[in-house]
Every structure is written in structure tokens, then in C-alpha cells.
Amino acid sequence: MTARQDERLLDGPLLPVRCRRCAAEVLVRKASWEQTSIQWNAAARASCVSLGDDPSGTCPALRSAIQEAALTGALRVAG
Amino acid sequence: MIHVTAAESDAVRAIEAEAISSRFARGWHCLGPAGTFKDGKPHTVNAFGQKLVVFTGEDGKTNVLDGYCRHMGGDLSQGTVKGNEIACPFHDWRWGGDGRCKKIPYSRRVPLRARTAAWPTMEQDRLLFVWNDPEGSKPPADVTIPVIEGASRDDWTDWRWTETVVHTNCREVIDNVVDMAHFFYIHNSFPTYFKNVFEGHVATQIMKGKSRPDARREGGGEGPRMLGNSSVASYHGPSFMIDELTYHYEGFDLRSVLINSHYPIDQNSFSLHSGIIVQHSDELPPEAAEATAEKLSSFILAGFEQDIEIWRNKTRIDNPLLCEEDGPVYQLRRWYEQFYVDVADIRPEMTDRFEFEIDTTRPVESWQKEVEENLARREGASA
């Protein structure tokens, strides 16, 4: 099977966002203020301490960091 | 704003689909309630492109072997359980759960190399699981199916279980993990929140929904009114989904666990299973809980039929064209691919954590309008 790319990323790529609590760096894309994609890697996952209890939650500190990046324009919000 | 160039907008989008891999997913697959296989008879199970025999010996252990006897090719699933072995109907060769020939009653000794394929099995929560691995490795301890809290408790109902053969490749059922919009258009649901998380061998869908007044059957208005539901559904491996599904009624919640599982029969068909248990409560004493479980079970089966009707007519598509309100289909398939490659070839991006939350603003707006139109039309028709 050939790995295929989500073409939506062509319209707006994943961009790095660093969490202020643990310094984990993840890749983020926001197609709108309410939409968020977060791509972790092993290093970021290992440094996050907030994901233990609820595996399907989003780290609250990272969520704030993403919101801030979106507000300052460091993270472009498409749409 | 996304700008579409003239060249892009003029080009016809082609649907692409590669040949389906001849390989079957590595992982635990549920064959159904364990009790089904404990009647002292051999059972035929067509799975992973071959015929298997499932039988329980006198020792109570359920075994899964290749269905064909290595002697002259007899069908072991037409044979007889003798002690802890399955006896071939053709010449009475006896095969143990470990895949070894234990005895040939008319021969002084068993030949060398008298060994057939045996699949590791596991019984948990009164369900039978079989481990498939094209590389032939034993199931790793960290690749497990979690124990289901309500499945062995007295204050929950027993499993209501259904099985359906579906004639398409099983990737179609996996795609539903990320497909929010089909829940509105196919299943008469109304999602208001939708998120996915993929990590390791687990893929999760978190969904909240409200009830659809336009989908309620006429005259079905008795009993408490359902307001909506919250669901956290996770595939643990390639085929077994546990959905912790809570229905919210006026004044109380109804807790249930829904299983959506399958095993591949061959590349173009799979056996689709549903299981449900419901928790008793003050509002839902045991008898009412049993009745509710029965009702939910037929509701889920009806949902499967809605999917199957779509699958029967659709085409396989490797390059779905997505809008921003669709879920992460490509990332889900990237996660799913880990089960189809050798363990040594699993790439980090297949298992690294990925989160995707859909903006439901526009879908909710649009669906609300459609619901109201449906209600108005219905009122107009009955007036």
C-alpha cells in the first residue's frame, strides 16, 4: 500500500507548536478556530505528563499553547 | 480562504484504488461468544482466507486449527471431538490444540512432521479471541484487549450478539471511525462533537450527539424522552472496537457497552459482529435492562444494514477527496497499515499519537436546518 497524503495539508501545513509546561514540540494545524490536528512524535509524547489519566483527552497545557499560537498568528488559522 | 487555481478546478478527479493486499491483519480477532464453541462439536470458521476448525476439548480449552487434515486433506470441522483432540472424519487421525497429531488409531506411530497450523486463542469476558499473525509470532503481552468492566458483573445484562457476513473488504468498516457525517446521513444520528485519537495499536472516536426528532418513529413516543448520547469508542488492534456508550434521558443516563468487531473471511468479505450489554439502574431494573439491550441490539443491527447497503454499491477509494469537516481518513489508514506490515516495518508515524477534532459548527447548523425542514414537511403531510 502506498502511503498517501491528506491533501488538506497542501492548503495549510502542520506547523510546530511548543508546550510551555514540558517543552514538548508537536505539529499542529487549525483549519478553523474550532478544528485542531495535533501530530505527536515519541519525544514529545514522552515528555508530556498530562496525558496519563484520559488517553483520549488533549493535554490542557498544550491546548493553551495552541490557542496562544493561533491568537498571536504564530499558527495560521485557515478558512 | 482557500484559493483553487484554474488548473486544479478544471482537472477531473480520478478515483484510485490499488489491488487489495493478500495479507490479513496481525492481531486479536473475536470469533464471538465463547459459549458457542463449547458444545462438544467442531465448528467451521472461514477466516483469514482459509477454513479453520474451532473445537473445545474435555479439558474445557477452546482450540483453533487449520481446517484440513495434513494426512489426506479431510475437513476436520466435519469430524468429532474425542477427548481433547479433534478426530478427522476421513481416517480418524487425532489432532491436539497445539497443532500436533497425537494419535493414529490404526497406526503404530505418528509420522514425523505431523504438525498443522494452530492459532493462539484467548477467552475473556465470555468471548473467544484468535490471534492472527502472518509472521507466525506469539501475541505480545502489551497488545491486549482490555477487560470490559460490565461483562462479568451481575448488574449488567448478558451479551446480545449478532453476526452478519458482509461482501466487501473490511477497510470499509474501519473507515467509519473517522466518518462523522455518515452518522447523520446514514444512521439518523446527529453528531454535535467529534474527535479522533490514534496512538499505538488503539484508534479512538469520541462523539457526542443529540436525538433526531425527525427520525423518531410515529407513535414511538412512549417512555422517557431521549436527549442524546456520549460515546467513546476504541479499536484495540485491527478488528475489535469497544464503545462505551451512554444514552442520556430526561432525568437519567443509560450506560451500555457496544462491541463492533469483525474478522476477515477473505479479501472481499468479512464477518461483522455486534455485541451489547446494558447496565441495570433504579430507572432500569434487570428486566427492563434486558428488554432495552434487546431493542438496542436490533437497532445496531439495523445500523449495520444501513452501512452494508452503502458498501454493496460504493467503490473502493484510496484517495478520498475530503472537506475540512471530514475526519482524518488518511491518518486512520496510516494507523491501520501497521497491522498489514511486518513488525520490523512499522514506521513511527503509524503509531505516533495523532489527535483530530472536527469543527462541528457548520455541520450542526446545516443538520439543524434539515431536521426542521423534515419536521415541517411531516407536519404538512399530516395536516
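When you check B:Arg353 against the structure, is it among the basic types (Lys, Arg) and out of contact with any helix residue (DSSP H, G or I) (no Cβ under 7 Å at 6 or more places or on another chain), yes or no?
Working: among the basic types (Lys, Arg): yes; out of contact with any helix residue (DSSP H, G or I) (no Cβ under 7 Å at 6 or more places or on another chain): no.
No; evaluated as a whole, the condition is false for this residue.
Can you tell me which residues in the range B:357-383 are more than 30 Å from B:Val232 (Cα to Cα), acidic (Asp, Glu) and surrounded by 11 or more Cβ atoms within 10 Å (Cβ to Cβ)?
B:Glu373
If only one of B:His248, B:His273, B:His280 is in contact with an Asp or Glu (Cβ under 8 Å, 6 or more places away or on another chain) and more than 23 Å from B:Glu305 (Cβ to Cβ), which one is it?
On the way: B:His248 fails: in contact with an Asp or Glu (Cβ under 8 Å, 6 or more places away or on another chain); B:His273 fails: more than 23 Å from B:Glu305 (Cβ to Cβ).
B:His280 is the lone residue from the list that is in contact with an Asp or Glu (Cβ under 8 Å, 6 or more places away or on another chain) and more than 23 Å from B:Glu305 (Cβ to Cβ).
Given the condition assigned to a loop (DSSP other than H, G, I, E, B), at pLDDT 95 or above and among the small types (Gly, Ala, Ser), answer yes or no: does some residue in the range B:27-37 qualify?
Step one: filter the range B:27-37 for residues assigned to a loop (DSSP other than H, G, I, E, B), giving none.
Looking for residues that are assigned to a loop (DSSP other than H, G, I, E, B), at pLDDT 95 or above and among the small types (Gly, Ala, Ser), one finds none in the range B:27-37, hence no.
Which of the residues belonging to the range B:322-346 are closer than 25 Å to B:Trp367 by Cβ, open to solvent by less than 50 Å² (accessible area, probe 1.4 Å) and hydrophobic (A, V, I, L, M, F, W, C)? Give the derivation first.
Filtering the range B:322-346 for residues closer than 25 Å to B:Trp367 by Cβ gives B:322-332.
From what is left, the residues that are open to solvent by less than 50 Å² (accessible area, probe 1.4 Å) are B:322, B:324, B:326-332.
Passing the criteria: B:Leu322, B:Val329, B:Leu332.
Go through the range B:74-130 and give me each residue that's in a loop (DSSP other than H, G, I, E, B) and open to solvent by 60 Å² or more (accessible area, probe 1.4 Å).
Looking only at the range B:74-130, we keep the residues that are in a loop (DSSP other than H, G, I, E, B), and these are B:74, B:79, B:83-84, B:88-93, B:96-99, B:104-114, B:116-117, B:120, B:125-126.
The answer is B:Asn84, B:Pro89, B:Phe90, B:Asp98, B:Pro105, B:Tyr106, B:Arg108, B:Arg109, B:Pro111, B:Leu112, B:Arg113, B:Arg126.
Condition check: over 25 Å from the mean Cα position of the chain (by Cα) and either modelled with pLDDT of 95 or more or open to solvent by 20 Å² or more (accessible area, probe 1.4 Å) (or both). Does B:Ala302 satisfy that?
Numbers: over 25 Å from the mean Cα position of the chain (by Cα): no; either modelled with pLDDT of 95 or more or open to solvent by 20 Å² or more (accessible area, probe 1.4 Å) (or both): yes.
For B:Ala302, the condition - over 25 Å from the mean Cα position of the chain (by Cα) and either modelled with pLDDT of 95 or more or open to solvent by 20 Å² or more (accessible area, probe 1.4 Å) (or both) - is not met.
Please return the ranges of helices (runs of 4 or more DSSP H) entirely within the range B:277-383 where 2 or more residues are within 14 Å of another protein chain (Cβ to nearest Cβ) and closer than 27 Å to B:Pro134 by Cβ. Walk me through how you get there before you give the answer.
Details: elements: B:286-313, B:329-337, B:348-351, B:361-382.
The helices (runs of 4 or more DSSP H) meeting that bar are B:329-337, B:348-351.
The values are calculated or read from the model by the stated rules, or taken from the named source; none is laboratory data. Predicted model, so just to flag it, every value in this text is computed and none were measured. As a convention, Cβ positions derive from the backbone with ideal geometry for all residues, glycine included, and neighbour counts pool all protein chains shown. Surface areas here come from the heavy atoms of the whole protein model, side chains and all, with no ligands, DNA or RNA. Shrake-Rupley method; radii C 1.70, N 1.55, O 1.52, S 1.80 Å.
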